[in-house]
1. Just for the range 135-174: of the residues that are outside any helix (DSSP H, G or I), touching a helix residue (DSSP H, G or I) at 6+ places or on another chain (Cβ under 9 Å) and aliphatic (A, V, I, L, M), which one is modelled with the lowest pLDDT?
2. Could you tell me which numbered condition residue 109 fails, if it satisfies all but one of (1) charged (D, E, K, R); (2) under 27 Å from residue 194 (Cα atoms); (3) at pLDDT below 95?
3. Checking the conditions here, which among 66, 100, 121 is part of a helix (DSSP H, G or I), modelled with pLDDT of 95 or more and not charged (D, E, K, R)?
4. Against the condition in a helix (DSSP H, G or I) and among the small types (Gly, Ala, Ser), how does residue 88 come out, does it pass?
5. If you go through the range 49-65, how many residues are surrounded by fewer than 22 Cβ atoms within 10 Å (Cβ to Cβ) and within 20 Å of residue 110 (Cα to Cα)?
Amino acid sequence: MSDMSQNNQTRDKYHHGNLPDALIHEGAGLLADVGIEGFSLRKLAARAGVTVAAPAHHFGNTKGLLTAIATRAFMRLAAQMQDAALSAPSRHDAVVAMCLAYFKMRTTDPGYAAVMFRLDLIHASDEHFRQSAFQAFGLLEKSLAEAVPNATGTAEISTAAKALWATTQGLTTLPMIEHRETEQLLRHTISAHVDALR
């Protein structure tokens, strides 16, 4: 197939600037299938059915595309955390629900989650990435503050939120932790932090 024919098919398939979004989505799918070690812009182009130059045109290079995937991952996480918290019966349960939402994302959206904390693979100083990451963390921090309204100060809340974030991240990477144990472990950890903040 000629480049011109492939370009025409690309324009037919992706209208109104949707190609960058499609490449992010397909990139996350490729990461889930082959891991970061097997990832390349050439494989992504083949998967998305676009020219080899298309990903580079929109994202510059592999690092730029992975940054976009990580940014989208935090945006998705923030939305899922908010949804989880809304259905929680209490403020304490809302914190648990947010942590569980992150754990679930790590297991149900492995492609997106694969690069969220790989600062060696992305442009960590990218403003859009930083904003999306801080938005997700800010939701957890705010939820924890609401669960302990009489906490002594914002610094203590922030430290506790970081500890919960790290704990949740750790639970997703420890193979000896079974999924059914996750909520129990998170509840125990959150209760410990909440008690310490009171």
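The values are calculated or read from the model by the stated rules, or taken from the named source; none is laboratory data. Values in this document were obtained by computation on a predicted structure and should not be read as measured data. Counting neighbours? That spans all protein chains shown, and the Cβs are built from the backbone with ideal geometry, glycine included.
1. As a first pass, look at the range 135-174 and keep what is outside any helix (DSSP H, G or I): 148-153, 174.
Then drop every residue that is not touching a helix residue (DSSP H, G or I) at 6+ places or on another chain (Cβ under 9 Å), which leaves 148-152.
Within this subset, residues satisfying the condition of being aliphatic (A, V, I, L, M) are 148, 151.
Numbers: 148: 84, 151: 69.
This residue is 151.
2. Against the list (1) charged (D, E, K, R); (2) under 27 Å from residue 194 (Cα atoms); (3) at pLDDT below 95, residue 109 comes up short only on (2).
3. Exactly one of 66, 100, 121 is part of a helix (DSSP H, G or I), modelled with pLDDT of 95 or more and not charged (D, E, K, R), namely 66.
4. So residue 88 fails the test.
5. Counting residues in the range 49-65 that are surrounded by fewer than 22 Cβ atoms within 10 Å (Cβ to Cβ) and within 20 Å of residue 110 (Cα to Cα) gives 3.
One line per residue, one yes/no per condition, for (1) over 22 Å from residue 23 (Cβ atoms); (2) touching a residue at least 40 places away in the same chain (Cβ under 8 Å):
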{"position": "85", "(1), (2)": "yes, yes"}
{"position": "114", "(1), (2)": "no, yes"}
{"position": "134", "(1), (2)": "yes, no"}
{"position": "145", "(1), (2)": "yes, no"}
